[in-house]
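K.L.:
My structure is below; once you've seen it, I'll send some questions.
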Amino acid sequence: MSEHQLNASARKDEGKGASRRLRHAGRVPAILYGGKHDPRSLSLNHEKLITLIEDEKFYSTIIGLKVGEEVQPAIVKDLQMHPARNQVLHLDLQRVVETEKIRIRLPIHFKGEAASPGVKTQGGIVSHRIADIEVLCLPKDLPEEISLDLSQMKLNESKYISDIALPAGVVATAVLHKKDQVVVSIHSPRAEEPDTPAAEAAAAAATAAPAAAGDAKKEEPAKKDQAVGKKGGSLPLSGLVDLD
């Protein structure tokens, strides 16, 4: 049932201070809940955990959580990472019971992408909208992986969550709740943008034209005033003489 085994130790101290001390000691605070049992506080070896989280199957398979001599099947429900360092801050795990359905997110493996008519002969581009989906099933029905075949997709076509072939006993929660979504689509490449120099020159010309027109309008009244001065005897301000 389990591909990964994770050794854990029970812990009694709780709170921010206790969690901080655990992290300084190279341990990760964790909690195990579900299965009609009380939550259980645990601690994990950080060095071992940091290697496991690199594998996508760590999040999509059932883990054998070993506490002392007891091995409890569990799934990862939440993982908190430090915002700046490669450090796991906290891990939430849920007990797995054979007779109870579990909700778990599974990554989608896309196949036949390059061979699809939309890409190979029609020059389309594949756009992935969703990378994983949540499924609901009994532990025994949990698939090793799910895949979506794109080999027959044409230009301007889309595949939805409901198009993913799931084994018997497994259902996508989005479909169950009537919230089907586009997973992947093939569309035409966008039109090429104009060269930057040409675009900048066009923008500069468009900006300069209104400014030039405005300057021309400002010059017209001045020319009219000068014309009146010549005909009617009025002088411009620069031609006035102080008679005192």
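K.L.:
Would you pick out the residues in the stretch 74-102 that are in contact with a strand residue (DSSP E or B) (Cβ under 6 Å, 6 or more places away or on another chain), part of a loop (DSSP other than H, G, I, E, B) and surrounded by fewer than 18 Cβ atoms within 10 Å (Cβ to Cβ)?
P.N.:
H82, K101, listed by residue number.
K.L.:
May I pose another question? Output yes when any residue across the stretch 40-48 is under 31 Å from the mean Cα position of the chain (by Cα), open to solvent by 40 Å² or more (accessible area, probe 1.4 Å), farther than 30 Å from I108 by Cβ and of a type outside the set (K, R), and no when none is.
P.N.:
Within the stretch 40-48 (the criterion being under 31 Å from the mean Cα position of the chain (by Cα), open to solvent by 40 Å² or more (accessible area, probe 1.4 Å), farther than 30 Å from I108 by Cβ and of a type outside the set (K, R)), the answer is yes, since at least one residue qualifies.
K.L.:
OK, next. Determine which member of the set G26, G17, G35 is touching a His at 6+ places or on another chain (Cβ under 6 Å), among the small types (G, A, S) and either open to solvent by less than 50 Å² (accessible area, probe 1.4 Å) or over 28 Å from T99 (Cα atoms) (or both). Give the derivation first.
P.N.:
Values: G17 fails: touching a His at 6+ places or on another chain (Cβ under 6 Å); G35 fails: touching a His at 6+ places or on another chain (Cβ under 6 Å).
One residue alone meets the criteria, G26.
K.L.:
Same structure again: Could you check how many residues of the stretch 1-14 are open to solvent by 50 Å² or more (accessible area, probe 1.4 Å), over 24 Å from K101 (Cα atoms) and in contact (Cβ under 8 Å) with a residue 12 or more places away in the chain? Break it down into steps so the answer makes sense when it comes.
P.N.:
First, pick out the residues of the stretch 1-14 that are open to solvent by 50 Å² or more (accessible area, probe 1.4 Å): 1-3, 5, 7, 9-10, 12-14.
Going one step further and asking which of them are over 24 Å from K101 (Cα atoms), we end up with 7, 9-10, 12-14.
Of the ones still in play, those that are also in contact (Cβ under 8 Å) with a residue 12 or more places away in the chain are 7, 9-10, 12, 14.
Residues meeting the conditions: 5.
K.L.:
If you take the residues of the stretch 50-73 that are out of contact with any Pro (no Cβ under 9 Å at 6 or more places or on another chain) and hydroxyl-bearing (S, T, Y), which of them is most open to solvent (accessible area, probe 1.4 Å)?
P.N.:
Within the stretch 50-73, the match that is most open to solvent (accessible area, probe 1.4 Å) is T51.
K.L.:
Right, here's the next one. Quick check on this structure: which one of S158, S127, S185, S116 is surrounded by fewer than 13 Cβ atoms within 10 Å (Cβ to Cβ) and modelled with pLDDT of 95 or more?
P.N.:
Working: S158 fails: surrounded by fewer than 13 Cβ atoms within 10 Å (Cβ to Cβ); S185 fails: surrounded by fewer than 13 Cβ atoms within 10 Å (Cβ to Cβ); S116 fails: surrounded by fewer than 13 Cβ atoms within 10 Å (Cβ to Cβ).
Within the list S158, S127, S185, S116, the selection yields S127.
The values are calculated or read from the model by the stated rules, or taken from the named source; none is laboratory data. Remember, predicted model here, so these are calculated numbers, not experimental data. Note that we place each Cβ from the backbone using ideal geometry, even for glycine, and neighbour counts take in every protein chain shown. SASA here: full protein model, heavy atoms, side chains in, ligands and nucleic acids out. Shrake-Rupley method; radii C 1.70, N 1.55, O 1.52, S 1.80 Å.
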